[in-house]
Amino acid sequence: MALFFTIIISDILDGYLARKLNCSSEVGVKFDIISDTSYTMSLLIIFAYLNIIPTWFVFIMVFKLLEFIITSKIINIKQETKNIVVFDKIGKLSVIIVMLLPGIFIFRCIITNYKIIMNIIIYLITIMLIISFVYRIIKTIKYIRTRPPSMADAS
């Protein structure tokens, strides 16, 4: 429980302070993504192993991670930006909910029918990830089809 709260609070504080103090960096963004991904994937693997969540959900999350990396790379190449990743609100919200799953498990003794609630959340997240996937694919296709801005467009 202490580890869960430490991870969640430090992740929230890290992002907030980086924006508030205007001291975000590429390395910080990469480290945040790597640490969030490590936490999320290890959590999912452990939960699947313990039969708390279905194993197929781990594969959905791995697929979504790969799609996220690939589409971010394509969009950044096309935009000629140095952004590391391109977020979409639905995908980001779904990952935040996944990161909160241990909280539901930790408090399972006071949550009536926590397994039903956990399953509802898993299916809700899956639907959100599918919507996010479709949105990102459409956005990526649009970026691929548009011509790059030229110097004449800038003036």
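The values are calculated or read from the model by the stated rules, or taken from the named source; none is laboratory data. None of the values given here were measured: they were computed from a predicted structure. Note that each Cβ is placed from the backbone with ideal geometry, even for glycine, and that neighbours are counted across all protein chains shown.
Residues are listed down the side, and each one gets a yes or a no for (1) hydrophobic (A, V, I, L, M, F, W, C); (2) outside any helix (DSSP H, G or I):
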position	(1), (2)
39	no, no
44	yes, no
87	yes, yes
115	no, no
118	yes, no
Problem set entry | Which numbered condition residue 73 fails, given (1) surrounded by 14 or more Cβ atoms within 10 Å (Cβ to Cβ); (2) in a helix (DSSP H, G or I); (3) in contact with a helix residue (DSSP H, G or I) (Cβ under 9 Å, 6 or more places away or on another chain) | (3)
Exercise. Of all residues in the stretch 41-78 being hydroxyl-bearing (Ser, Thr, Tyr) and closer than 28 Å to residue 142 by Cβ, which is modelled with the lowest pLDDT?
Worked result: 72
Exercise. Quick one: would you say residue 83 is at positive phi and either at pLDDT 80 or above or surrounded by fewer than 19 Cβ atoms within 10 Å (Cβ to Cβ) (or both)?
Worked result: no
Problem set entry | Residue in the stretch 31-71 that is nearest to residue 116 (Cα to Cα), counting only those that are more than 12 Å from the chain's Cα centre (by Cα) and of a type in the set (S, T, N, Q) | 51
Exercise. Restricting attention to the stretch 4-33, and to residues there that are loosely packed, with under 10 Cβ neighbours inside 10 Å and hydrophobic (A, V, I, L, M, F, W, C), which single residue is nearest to residue 102 (Cα to Cα)?
Worked result: 27
Problem set entry | Matching option when the condition is more than 18 Å from the chain's Cα centre (by Cα), over 20 Å from residue 14 (Cβ atoms), modelled with pLDDT of 85 or more and surrounded by fewer than 16 Cβ atoms within 10 Å (Cβ to Cβ), among 117, 110 | 117
For this session: Considering only residues that are surrounded by 17 or more Cβ atoms within 10 Å (Cβ to Cβ) and modelled with pLDDT under 90, look in the stretch 122-142 and name the one that is nearest to residue 51 (Cα to Cα).
Result: 136
